[in-house]
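See structure below.
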Amino acid sequence: MTQAGMTKTPVLEVKGLTMDFGGLRALENIDLSVHEGEIVAVIGPNGAGKTTFFNCLTGIYEPTAGDMVANPPGKPSRRLNRLKPNVVTSIGLARTFQNIRLFQKMTVLENVMVARHVRTSSGVFGAVFRDARTRREEKETVEFSYRMLERVGLKDYVNEIASELPYGAQRRLEIARALATEPFLLLLDEPAAGMNPKETSELDELIKSIRDELRVSIVLIEHDMKLVMSISDRIYVLDYGQLIAHGTPREVASDPRVIKAYLGEAFDA
């Protein structure tokens, strides 16, 4: 990432984000930014507020305080507060989940096609009467969905039932489904969870290729520190809902607060 890239308006700006659940403060005054072309990691112990942060960004939770602003490249800025999840997706933020949420009984291709419909325009009339525009759009949806499966290495599984895929392939299918919405910002919630070392290494290359070839900025929550340190441009560290550190992988790995709260004394940067 160039220094010039850092001077541009961030594609995501979060300021003072706070989230309360009754008397529990899950996030407190979080400031975070993501620049175009960056891979940013959010790390911290279990219960630190990482997934809550994603849920606020994507409209699942309404934050107690703070601002979340998306700046899609070449498009007007949009405040994300109080928007429904489908609207957030249409703006260009897409996510995967810590617990895989595929349509288990659908085929691999159908899973991606369902997500693709956020970018199609055919309504009830088109579905019933199947006019030329609808047929053309359906053909384009199939072709685009297949290309996304090619990108994540699942082209040979297009007709397989999603639930029958190996675990690592199901993780990749979630990424393909998110990419089908053509996001400018991809949010990955523990994408390496449950993967073996070979699958994790392949995921590393996939994430970097999505950033480099599709020009998608990425935020990931991840516990695999080897993966995080390998691919991240910057890292934010949460502990008990508070931001305790932020910087490059080298800076974060040597921060005494991070070592004490999360990485451990034996961590080798």
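Read-outs throughout are calculated quantities, based only on the coordinates presented, and are distinct from any laboratory measurement. These numbers come from a predicted model, not from an experiment. Heads up, the Cβs are rebuilt from the backbone with ideal geometry, glycines too, and the neighbour counts pull from every protein chain shown.
Remarks
- Backbone N under 19 Å from the R215 label point (7 Å along Cα→Cβ), restricted to the range 143-158: 148
- Gain on full extension, evaluated as 0.36 nm per residue between D31 and R82 minus their Cα-Cα distance, stands at 16.5 nm.
- Longest exposed-site-free window of the chain, the sites being trypsin sites (Lys or Arg not before Pro) in a DSSP loop that have at most 13 other C-beta atoms within 10 Å: 131-214
- Per-residue [θ]222 nm for the chain (sum of -39500 (n - 2.57) over DSSP H runs n ≥ 4, rounded to 500): -10500 deg cm²/dmol
- Cα-based convex hull volume of the range 122-237 per residue, rounded to whole Å³: 130
- Ratio of Rg to Rh over the range 173-259 (Cα coordinates, Kirkwood Rh, two decimals): 0.98
- Between K260 and K15, the distance separating the two model label sites (each 7 Å from Cα on the Cα→Cβ line) works out to 3.1 nm.
- Counting charges near V34 (Lys, Arg +1; Asp, Glu -1) among other residues having Cβ under 11 Å from its Cβ returns a value of -3.
- FRET efficiency, A132 to Q98 (Cβ-Cβ, R0 30 Å, nearest 0.05): 0.10
- Taking label points 7 Å from Cα along the Cα-to-Cβ direction, E140 and K105 give a separation of 3.1 nm.
- Degrees separating the helix 167-179 axis from the principal Cα axis of the chain, which is the longest one: 80
- Dividing the Cα radius of gyration of the range 23-102 by its Kirkwood radius returns 0.94 for Rg/Rh.
- For F21, neighbours were defined as the other residues whose beta-carbon sits under 13 Å from its Cβ, and their charges (Lys and Arg +1, Asp and Glu -1) total -2.
- Relative contact order, whole percent, for the chain stands at 25, derived from Cα pairs under 8 Å and 6 or more residues apart.
- With 0.36 nm allotted per residue and the present C-alpha distance subtracted, the E205-S90 stretch has 38.7 nm of extension available.
- Cα-based Kirkwood hydrodynamic radius, the range 138-196, one decimal, Å: 12.1
- Residue by residue, the range 108-117 carries 3J(HN,Hα) couplings of 4, 5, 4, 4, 6, 4, 4, 5, 5, 5 Hz when phi is fed to the Karplus relation 6.51 cos²θ - 1.76 cosθ + 1.60 (θ = phi - 60°); x denotes Gly or Pro.
- Measuring against 22 Å, Cα to Cα, the residue pairs K15/K260; K155/K198; K105/K198 contain K15/K260; K105/K198 as the ones spanning a longer distance.
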